[in-house]
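Each remark here refers to the structure printed beneath this line.
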Amino acid sequence: MKNEDLIAKLKTIVQPYVQDEDAFNNLSEETTFVGDLKINSANLVDIILDVEDEFDIRIENEEMEQMLSVKAAMAIVNSKIAS
């Protein structure tokens, strides 16, 4: 999947949970969910579940702990889709 397409899908998934609209409008691979977008940890779990549903993948606990940025989410999704 192309990075632009993946970012667009991730943007749609995280939008309902975002607390910082400016950071959301400037979302990039370097954007962090908690630090930049001000998403709380409970909502981060919701995002992970939404990502699993959207891409029909299973994200393991170790991967969940690493999924703190757009770049990390993209790496996890791409590795799951590839396997």
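Rule-based calculations on the coordinates, nothing more; no lab input. These numbers were taken from a predicted model, which means no experiment stands behind them. All Cβ positions, glycine included, derive from the backbone under ideal geometry; neighbour counts span all protein chains shown.
When you filter the trypsin sites (Lys or Arg not before Pro) in region 28-83 for DSSP loop state and at most 10 other Cβ atoms inside 10 Å of their Cβ, you are left with ARG58.
Each of ARG58 and SER83 was given a label point 7 Å from its Cα along the Cα-to-Cβ line. The distance between the two points is 1.1 nm.
Using only the alpha-carbon atoms, how far is helix 41-55 inclined from the longest principal axis of the chain? Give it as 0 to 90 degrees, nearest 10. For 41-55 against the chain, the angle is about 40 degrees. Binned at 10 Å from 0, what are the whole-percent values of the Cα-Cα distance distribution for region 1-80, short to long? The calculated distribution, bin by bin, is 19, 61, 20, 0. Against the chain, whose longest principal axis comes from its Cα atoms, helix 70-82 is set at around 20 degrees. The loop-placed GluC sites (Glu not before Pro) in the chain, going by DSSP, that have at most 11 neighbouring Cβ atoms within 10 Å of their Cβ come out as GLU30, GLU60.
Each residue, GLU65 and ASP22, gets one label point 7 Å from its Cα in the Cβ direction; the gap between the two is 3.4 nm.
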